[in-house]
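The values are calculated or read from the model by the stated rules, or taken from the named source; none is laboratory data. Note that the coordinates shown come from a computational prediction; the quantities given were computed from them, not determined experimentally. Cβ: placed from backbone, ideal geometry, glycine included. Neighbour counts: every protein chain shown. The area values use the complete protein model at the heavy-atom level, side chains included, leaving out ligands, DNA and RNA. Shrake-Rupley method; radii C 1.70, N 1.55, O 1.52, S 1.80 Å.
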Amino acid sequence: MALPSMGEVDLDLPRIVSSHTFPDIIAKLSTYIQDAITSPAVFDDFRSQTRFKLLTKLIHHLADEVQHKHVVAALLALRSYYPNMQTDDEPGVNLARGYACEFVAWRYVLQLSEWEAIDCLLEELNLVDDPTTTPNLRGDDEEQHLLSTPHEQDRRRSPEPTQYIPGHRQTGSQSLKNRPRPISLRFDSVSDLFNSTQEEADTATHARNKEFAIYFDRLNALEIATVAGAKKFLSQRVVQKLIEKIWRGDIVFWESMSVDSIKEAKVYNKRKADPFCRLRVPRYLKFFEAVFFMSFLALYYAVLVPIQRSGRRPPSAPSGPAPGQTPGISDDRSRAFHSITPVEILLYIWIAGFAYDEFGEYRDAGQAFYSTDFWSLWDLGTVIIGLAFFILRILGLAKQSDEIIGTSFDVLSLAALFLVPRIFSILSLNSYFGTLIPCLREMTKDFVKFLSLVLILYLGFLTTFTLLARDNFTARQMTVILIKVFFGSSYLGFEVAQDM
């Protein structure tokens, strides 16, 4: 018998109260979404209320009966979970469940007032310091279930362990209730749970539940949406209005610059807020960031250009200045090469300040949200190169080695690869260039994947041709020849073919 349509199956709505923790909310919502979505769909398909009445029923229930600030965050957390879940369901079903969570989160936000939307979307989760985050092992079955495995849930339903059989059809709501639940985020094997006791199974489930929830610690719903890739949710008008208010400073997170101030999203009040807190407004931060990078680049050129002109290798003339050269310039360049100048000290201060700022951003945003910023990798590259330059520079001066000192400036030259594009990151605020940044990120990922395949092929050709030409070419010579051939100098391969 065929499964009934979505509108004909009646499911129990999740009961969520203010005392429930973040893992509890995810547990209840995942149970309902799992049973409500049983066929592949895209985000726009959920706009049809006749086909997905269960989602409409859930949205009305959350808006009318639930008063909890973490509902949206829980839905968006599930949005990141379902597409990566491995089950025996039909392909595309888990992705549809992720879209369903994103859709419900959007429609739920539409039902909220401005103040309620600020609380739901901008309040950070505090899971590590909250002792109630860990669910009670003696609680009811529904609260204990979060991302448990099918076998663990079957053990709760009946005294004997049962197994879900793919392809076996059942009728009515019984088919939906016996469907396998999501497995853990780590996708570990659960074969060891067959012979475990009920308490051991619950303990293992709660350990995975807490591990999944802790991943979103110190993040708010908007940041979770960014980490989860919920682009449909972020592109909705109600969410975009909130983001624009944060960008302009109409919504602020700090009211004072004191160490005792607490981060909390509020509507900006000019009478109560500290004027210096306006420096934290994203629009102003972007301006000061551009000024900082331009001054950083100016110091970079002031330190590096004179050194590069003098070079590590002194001129071959035995004495006297070169034609057209002022006698004192060579001495100044030599002094800048063998000693630390005031401009170089300023550069060290800039690098240290930049590294400290990056550390502060990482600490405030967390690893999950910090890694979503495309430019964070460029900033880390600049910090690493600056640190390597400082170490080599001090080591070269201590050993009085011109070779090490020259290498330190060569390393500093690499910083331009990260620093110059970083300055022009302000162009991402433009609608045209802003859309190119995600394209560049995806192209970079595809290029790295393709480069790994090229490297494997290159190693194969290198091994073969090195052995064939072992009488006439060394391994180093053949390596250079093959690199030139791989970069388009195909005629070179025909020239050396006779000598192989």
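Criterion applied to VAL42, VAL71 was being open to solvent by 50 Å² or more (accessible area, probe 1.4 Å) and closer than 28 Å to GLU90 by Cα, and the one residue passing it is VAL42.
From the residues in region 388-428 that are open to solvent by 20 Å² or more (accessible area, probe 1.4 Å) and of a type in the set (Ser, Thr, Tyr), which one is nearest to LEU297 (Cα to Cα)? Checking each candidate, the answer is SER413. Test LYS270 against the stated conditions and say whether it is touching a residue at least 24 places away in the same chain (Cβ under 8 Å) and either surrounded by 15 or more Cβ atoms within 10 Å (Cβ to Cβ) or of a type outside the set (S, T, N, Q) (or both). It is false that LYS270 is touching a residue at least 24 places away in the same chain (Cβ under 8 Å) and either surrounded by 15 or more Cβ atoms within 10 Å (Cβ to Cβ) or of a type outside the set (S, T, N, Q) (or both). Counting only residues that are of a type outside the set (Lys, Arg), more than 27 Å from GLU211 (Cα to Cα) and part of a helix (DSSP H, G or I), region 17-64 holds 12 of them. Inspect region 349-363 for any residue being in contact with a Pro (Cβ under 7 Å, 6 or more places away or on another chain) and within 17 Å of GLU289 (Cβ to Cβ) and give the result as yes or no. No: region 349-363 contains no residue that is in contact with a Pro (Cβ under 7 Å, 6 or more places away or on another chain) and within 17 Å of GLU289 (Cβ to Cβ).
Kindly indicate whether any position in region 370-387 is within 22 Å of PRO421 (Cα to Cα), open to solvent by less than 70 Å² (accessible area, probe 1.4 Å), at pLDDT below 80 and part of a helix (DSSP H, G or I). Taking every residue of region 370-387 in turn, at least one turns out to be within 22 Å of PRO421 (Cα to Cα), open to solvent by less than 70 Å² (accessible area, probe 1.4 Å), at pLDDT below 80 and part of a helix (DSSP H, G or I). Hey, does region 270-278 have a residue that's touching a helix residue (DSSP H, G or I) at 6+ places or on another chain (Cβ under 7 Å) and small (Gly, Ala, Ser)? Scanning region 270-278 turns up no residue that is touching a helix residue (DSSP H, G or I) at 6+ places or on another chain (Cβ under 7 Å) and small (Gly, Ala, Ser). Taken over region 237-257, the criterion of being among the acidic types (Asp, Glu) and modelled with pLDDT of 90 or more is satisfied by GLU244 alone.
Scanning region 224-252 for residues that are in a helix (DSSP H, G or I) and closer than 16 Å to CYS101 by Cβ yields ILE224, ALA225, THR226, VAL227, ALA228, LYS231, LYS232, PHE233, LEU234, VAL239. Considering (1) in a helix (DSSP H, G or I); (2) among the hydrophobic types (A, V, I, L, M, F, W, C); (3) open to solvent by 60 Å² or more (accessible area, probe 1.4 Å), the lone condition that CYS277 does not fulfil carries the number (3). For region 443-484, a residue qualifies if it is open to solvent by 90 Å² or more (accessible area, probe 1.4 Å) and touching a residue at least 24 places away in the same chain (Cβ under 8 Å), and the qualifying residues are LEU468, ASN472. Taking helices (runs of 4 or more DSSP H) as the structural unit, those lying wholly within region 400-500 and holding at least 2 residues that are out of contact with any Cys (no Cβ under 8 Å at 6 or more places or on another chain) and under 30 Å from SER376 (Cβ atoms) correspond to 402-413, 416-423, 431-468.
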